[in-house]
């Protein structure tokens, strides 16, 4: 009964979780695409040399850009390791010009859906495994109790003393 319920419910729940995550991420993608813009930023300083301590982070250099609303901004932006002062880099900004991350890409939306479905399926498998383990432990306990009772009852029943 438990296995049948699992085989029916788990895929449906995983699919529903994936669908919900997909639609939520899709709405986020559309909202971000509507409110985020790429603007050119002029580097005020060159990019510092790459060091081991920075890991895989791109080097940051000071840059100036104009926001979509016309305000000027200066901040540190990711730049190529060979970028020199005066070169131009693309920066994602909000409508007010504050630096932000790029909007979600379609592959990220799909990845979130698969992640949600996978986590739901993994939790379902974990739940099934826990239920099967509990059943195994309870069955062993019941059999041990039955065996103990039979050792007491069997001599009286078969007249073996």
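Would you check which residues across segment 84-100 are touching a residue at least 60 places away in the same chain (Cβ under 8 Å) and within 24 Å of the chain's Cα centre (by Cα) and list them? Quick ask: steps written out before the conclusion?
Initially, segment 84-100 is screened for residues touching a residue at least 60 places away in the same chain (Cβ under 8 Å), giving 95, 100.
Hit for segment 84-100 is 100, nothing else.
Is it true that residue 70 is surrounded by 15 or more Cβ atoms within 10 Å (Cβ to Cβ) and assigned to a loop (DSSP other than H, G, I, E, B)?
no
Residue by residue through segment 15-51, note down the ones that are within 19 Å of residue 70 (Cα to Cα) and without any contact (Cβ under 8 Å) to a residue 40 or more places away in the chain.
34, the sole residue that qualifies.
Quick one: is residue 131 in contact (Cβ under 8 Å) with a residue 60 or more places away in the chain, closer than 15 Å to residue 2 by Cα and in a helix (DSSP H, G or I)?
Yes.
Criterion first (part of a loop (DSSP other than H, G, I, E, B), under 29 Å from the mean Cα position of the chain (by Cα), touching a residue at least 12 places away in the same chain (Cβ under 8 Å) and surrounded by 13 or more Cβ atoms within 10 Å (Cβ to Cβ)) does residue 58 satisfy it?
Yes; evaluated as a whole, the condition is true for this residue.
Coordinate-derived values only; no laboratory data. Since we're looking at a predicted model, the values are computed, not measured. When we count neighbours, we look across all protein chains shown, and the Cβ atoms used for this are built from the backbone with ideal geometry, even at glycine.
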